[in-house]
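Shown next, in structure tokens, is the structure this report addresses.
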Amino acid sequence: MESANSGRDAVQQEPNVPGQTEYQGLPVAGYRPQTGDKVGIVNANKQAEERTLRILDELAQRDDVDKRWLAVGRTAIENGFMAVNRSVFQPGRVTLPEDATTAANAGQYLDAPPRVPRTDGGLPPGRPHP
């Protein structure tokens, strides 16, 4: 489990924005340096997630709660927080050894492919909005 101080314990580098510290990303491909502001946002999200999960832990102890639906809800909450945190940190794509790139480019970040606007009008007719 991640410690609550994980963002604050990161290696600091020269700030890229006046008044903001930049934290070096994890030594994992795709993870980028982050500003102190973004680290603070994600740490606050992690605390909110932990508070919510503890409520679910208490519900799991009750006999009158359907454990299957509780597990579905817990997974949805965990996925939601993960998506929100990814929206803040925006991890990138990476090159793979089998990509047709030079050795000098190996391991560099790839930008996500451009989003193509939908031309089909969205949901099929007759389907309610999710």
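The values are calculated or read from the model by the stated rules, or taken from the named source; none is laboratory data. Keep in mind it's a predicted model, so treat the numbers as computed, not measured. Counting neighbours? That spans all protein chains shown, and the Cβs are built from the backbone with ideal geometry, glycine included.
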### Summary
Within region 35-86, residues over 22 Å from Q24 (Cβ atoms) and of a type in the set (S, T, Y) come out as T52, T75
### Task
Pull up region 71-111, narrow it to residues that are exposed (fewer than 10 other Cβ atoms within 10 Å of the Cβ) and assigned to a loop (DSSP other than H, G, I, E, B), then point me to the one that is modelled with the lowest pLDDT.
T102
### D120 at pLDDT below 65, surrounded by fewer than 14 Cβ atoms within 10 Å (Cβ to Cβ) and either in a loop (DSSP other than H, G, I, E, B) or among the aromatic types (F, W, Y) (or both)
yes
### Residues of region 69-98 satisfying the condition of being over 28 Å from L59 (Cα atoms) and among the aliphatic types (A, V, I, L, M)
V88, V94, L96
